[in-house]
Structures are given as structure tokens and as C-alpha cells.
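Note sheet for the following structure.
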Amino acid sequence: MSRLKYQALHRRDPILGTDLPPVQHESTFSVLLRLAARNVWNRNGICRVFELGDAAHNFSFYDGDSLLQQRIIEMTGWNWQPAEWELGGRLPHLNDALWSKVLRFCPICLSNGFHSLWFQFSAMQECPMHGCVLTDRCQSCGSLVGAYRFTTKLFTTPFKCPECSGWIAGAPFNHGSGDDLRRHRSSVEFAFAPISTWFAEAASNLQFLNQIACRWTDSDSPFKLLHDRLLTGAMALYHPLPARLRWEFAALVDIVAWRHEVASSLGAVSDMPHRYGYLRYGLPLLVYRATLRTLRSFVGTRPFEAGGANRPMERPGGLTQVSRLSTLQAAYLLMRMVFERGAPLTLGADLRGVVLDDGVFAHALVGNILGRLACRVIMLGAFAMLVDLGGDFCRARLAKIDNPSFQISSVIAFAGVALANAQYCVAILPKIGALPILPAEHNHLNRDVIDVINIALVSRVLKYR
Ligand SMILES: [Zn+2]
Ligand SMILES: [Zn+2]
């Protein structure tokens, strides 16, 4: 609907608050909340005035191009570029790790009618203007304010808590007063400039992580948590945050990256080689057995935790024996269960009968070529991730012998691109102490290789746009 038509429809009902246009870094949520307060709208009122209809159910405040924003611009006449435009969907698979699902705010800012998109950024722990710790709780009663969405709860009475009817910020919403942030635009811009710059650079620096996270479809909570910890750990290492920001739950990780020359030209994806057993026999099987042997001796030489059995375990009968396994033992056995067909539940040294599952090393293919190092890193990564998930997790999954009940892709943090006659590969491994068989030292945090991967991925994204 055109703006003129809108103005005709609403001529008797001018919108209040158009004199307070959004400031830079202000969230769409904030803009809407302020308009709602000025015009005494609840959620239904907003839907009616902006004629949102059913679309309102799907609104995410992280969306940079929503109907809601279009309507606000149409009806207020603001020359407004929503802060969400900066997000631009360039790292879609990192969203869960980067952004909070619940509303987080600075009490002083909110009482001034201001909320920044960056308050929702997981690593921002305090307001850069006031130094207040960001909170997700009502400052009047302490209850959780809830999901960062266009909910009835947040818009029942704007700025007020539906639980206690008090002010969410702990003080009345007081726009236009002497302290109004809108009068200090430059300090708002200054305060959020570092994170805004960080994010702009992340779009090119962190493409490899986005690619790694792309295969993680498991939304089960232990994996979800592990993945977020790995991603933020890798970000902390590769693309450090500006001062005063920190990832709360980042895992300590290694990022390994390497370049691997191959004889024939890569790139053309023809037949999937696993049709010919290529991914189960020959090189992958050799690498698998060799890595398994090293892992086994690593598991065997580590001190056992209290309660762990300090002896090799052969074909245990059930849960009681599984419960005696140490974390490393359980992770080793669980890894074998995932990689092999009918793996025996044994810590024995005999690896002659190993039969690989079809799919496992498909994850290590880059440009249809399977590299030795890629196979090994995938195994080490899976093992380290299972250790990180913990002994209880591994023992519980082992107890369900026939069905470890997760996707192998959930324990793989690997990405690669094929260019001309080389593969460029990168993987994240959680640190679990002295894992003895990491790839050679020069592979660690190999920025040149990661840059190549980032650039290749960005141009791939652009090509398909
Ligand atoms: Zn503040
Ligand atoms: Zn309350």
C-alpha cells in the first residue's frame, strides 16, 4: 500500500512519536516499543495499525528486511536504515551462537526508551555507555522478560512487566527528558562502533566457521551447547572481540588448517566415489586403523578417573560394565560405534575386523578427493568432541548399543574447499589435554589457508545470489 493511501486512511489518527526518529544501532524492537508506548498500542493494536495480518507471527527482530520495518518507514516518513540490515544473513549458521534468543537490556538505556541490537549480541555483557551489566530480568520483580520476539507478553503494556505491572527497567520510561540518548547520538555511535566493526569484519573472517556449522543439524541440547562453545571458542581465537566483550561459554579449541596438493585437477564433482568402496577400503581404512591404534594407546596411558576401571575391557555384558569406563575409554568406544559397522565394544588391540560405515569419511571429501590428513583430523575431532561431552554422556549413549542416537555430522567440525590442484582444509578441535597426534605444528591457525577458504566461500555465496 502506498504511503499516500496510508496517510489517507490514518489521517485522523496521526502516529505519535515520529519526532523521535531511531538512532544508529537502535534495534527495531526498541523503535517499535517506543512507538507502542507513545500511542498506547498493545500487540493487537500494532498489528491493526500496521496491517500486519498473519505475517506478525513470524517476525524476528533480527530480520533486516521485515514487513514491519517497511510499514514503520512508510508510516513515519523516517529515513531509517534498521540496524538489522548490518547483519544481512551473511553468517546464517552462526546465528544461534552469536545472538541471544531472549531480550537483554541495559536498565538505564531502557528507561530512556533505548535498546540496541548489540545488546542481543551474546558476547556483549555490559552496556558500553553506562557500564551496567545487561540483564534479561524485570528490574521490578526479577522475573524473566522472555523471548526476543514480537510477543504479546512484551507488548501488553510497553516497558511494563506483565508479571508485576512494574517497570521492566526499574524506573519509568522517560523519553525526551534531559538524559534522552537521542540528544547524544555521537556517544551512542562511538560506544557501539567497535562491535559494529568487529561484526562487519566477521562476515569475511568467519566464513569458514559458518561452513563448519552448516552440517550441524542436531538441535539436541548437549550437541547444541557443544557446538556453540566450539564456535565461540574458535571465534575468540581467530577473530578476537573488541575490549570489554567476552564469550561466556567459549571452549578452548585448536584450529588446524592445511593445504594439500593433489595430482589431478579438482573441482568437478562427478560420481560419488563411495559407490566403489573408495570411502571404506584402502586409504581410509588404513588411516582409520592407524589413528585408532594411537588413540587406543593414548587412552590406555592416561590416568584413570576415580571410579574408572584400570583394565582392558573385553565384550562387556551390559550397563554395569559400561558404567565403569573412564571418560576417555567411553569416548574411544563410542567413536568406534559411530564410525564402524558393528564395532565390538572392546578396548582390545585387535583391529583386523574393522568395517567402516559407508558415510563417515564422506564428510572428509574435498572436491571428491579424500585426504589422509582430513580422515585423521575428522577422527581426532570426533574423539575430542565426545570427550568434551563428558563421560556420563558417552557412557549413557554406549548403553544403547544399537543406536548411539546422534548424527556423525554432529561430531565433525571440518570444512574444505578445492581450488585448482589443491585442497584447503580447516577443522576445530576442542582441547582435551595432550592429544598426542595432532597434525604437525605448522598447521595450527594457519591464517593463509583459512583466508583462502574464506575468500572461496564468499565468492561462492556471491555467485549464487
Ligand atoms: Zn546503557
Ligand atoms: Zn516484573
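Summary table below
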read-out: Residue in segment 426-445 that is modelled with the lowest pLDDT, counting only those that are touching a strand residue (DSSP E or B) at 6+ places or on another chain (Cβ under 8 Å) and open to solvent by less than 40 Å² (accessible area, probe 1.4 Å); value: Pro439
read-out: Single match in Glu189, Glu201 (criterion: over 19 Å from Pro430 (Cα atoms), in a helix (DSSP H, G or I) and touching a residue at least 40 places away in the same chain (Cβ under 8 Å)); value: Glu189
read-out: Condition met for Gly113 (within 16 Å of ligand 1 (Cβ to nearest atom) and in contact with a His (Cβ under 7 Å, 6 or more places away or on another chain)); value: yes
read-out: Failed condition for Ile108, given (1) among the β-branched types (Val, Ile, Thr); (2) open to solvent by less than 30 Å² (accessible area, probe 1.4 Å); (3) within 16 Å of ligand 1 (Cβ to nearest atom); value: (2)
read-out: Test: residue in segment 266-283 that is at pLDDT below 85 and surrounded by 21 or more Cβ atoms within 10 Å (Cβ to Cβ); value: yes
read-out: Segments classed as helices (runs of 4 or more DSSP H), wholly inside segment 1-85, with at least 2 members that are modelled with pLDDT of 90 or more and in contact with a Gly (Cβ under 8 Å, 6 or more places away or on another chain); value: 28-39
read-out: Test for Gly170: is it in contact with a Pro (Cβ under 7 Å, 6 or more places away or on another chain), over 15 Å from Ser30 (Cα atoms) and either within 16 Å of ligand 2 (Cβ to nearest atom) or not aromatic (Phe, Trp, Tyr) (or both); value: yes
read-out: Single match in Asp96, Asp136 (criterion: within 16 Å of ligand 2 (Cβ to nearest atom) and among the charged types (D, E, K, R)); value: Asp136
read-out: Residue in segment 105-125 that is in contact with a helix residue (DSSP H, G or I) (Cβ under 7 Å, 6 or more places away or on another chain), within 16 Å of ligand 2 (Cβ to nearest atom) and either charged (D, E, K, R) or not in a loop (DSSP other than H, G, I, E, B) (or both) present; value: yes
read-out: Inter-residue pairs, beta-carbon under 6 Å, first free of Cβ contacts under 8 Å to residues at least 60 places away in the same chain and of a type in the set (Ser, Thr, Tyr) and in segment 98-122, second more than 16 Å from ligand 2 (Cβ to nearest atom) and open to solvent by less than 10 Å² (accessible area, probe 1.4 Å), 6+ apart; value: Ser100/Gln120
read-out: Among residues of segment 116-144, those that are more than 16 Å from ligand 1 (Cβ to nearest atom) and either under 15 Å from Ala169 (Cβ atoms) or open to solvent by 10 Å² or more (accessible area, probe 1.4 Å) (or both), counted; value: 7
read-out: Pairs where the first residue, in segment 32-54, is acidic (Asp, Glu) and the second is at pLDDT below 90 and open to solvent by less than 30 Å² (accessible area, probe 1.4 Å), C-beta under 9 Å, 6+ apart; value: Glu51/Tyr6
read-out: Hey, Val23 under 26 Å from the mean Cα position of the chain (by Cα) and closer than 22 Å to Phe192 by Cα or not; value: no
read-out: For Thr151: the one exception among (1) without any contact (Cβ under 8 Å) to a residue 40 or more places away in the chain; (2) part of a loop (DSSP other than H, G, I, E, B); (3) surrounded by fewer than 17 Cβ atoms within 10 Å (Cβ to Cβ); value: (1)
read-out: Any chance Arg71 is away from ligand 1 (no atom under 16 Å from the Cβ) and basic (Lys, Arg); value: yes
read-out: Residue, surrounded by the fewest Cβ atoms within 10 Å (Cβ to Cβ), within segment 406-425, restricted to residues that are closer than 30 Å to Ala263 by Cα and small (Gly, Ala, Ser); value: Ala420
read-out: Selected residue [surrounded by fewer than 18 Cβ atoms within 10 Å (Cβ to Cβ) and assigned to a helix (DSSP H, G or I)] from Asp358, Asp350, Asp388, Asp392; value: Asp392
read-out: Segment 320-377, residues that are small (Gly, Ala, Ser) and touching a residue at least 40 places away in the same chain (Cβ under 8 Å); value: Ser323, Ser326, Ala330, Ala331, Ala349, Gly359, Ala362, Ala364, Gly367, Gly371, Ala374
read-out: Which numbered condition Gly166 misses (of (1) touching a helix residue (DSSP H, G or I) at 6+ places or on another chain (Cβ under 8 Å); (2) open to solvent by less than 30 Å² (accessible area, probe 1.4 Å); (3) away from ligand 1 (no atom under 16 Å from the Cβ); (4) not basic (Lys, Arg)); value: (1)
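Yes/no matrix, rows are residues, columns are (1) open to solvent by 80 Å² or more (accessible area, probe 1.4 Å); (2) among the polar types (S, T, N, Q); (3) over 15 Å from the mean Cα position of the chain (by Cα):
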position: Arg229; (1), (2), (3): no, no, no
position: Ala236; (1), (2), (3): no, no, no
position: Leu241; (1), (2), (3): no, no, yes
position: Arg244; (1), (2), (3): yes, no, yes
position: Ala263; (1), (2), (3): yes, no, yes
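The values are calculated or read from the model by the stated rules, or taken from the named source; none is laboratory data. The structure displayed is predicted, hence computed values, not measured ones. No Cβ is skipped: glycine too gets one built from the backbone with ideal geometry, and neighbour counts run over all protein chains shown. What goes into the accessible areas is simple: the full protein's heavy atoms, side chains included, and nothing from ligands, DNA or RNA. Shrake-Rupley method; radii C 1.70, N 1.55, O 1.52, S 1.80 Å.
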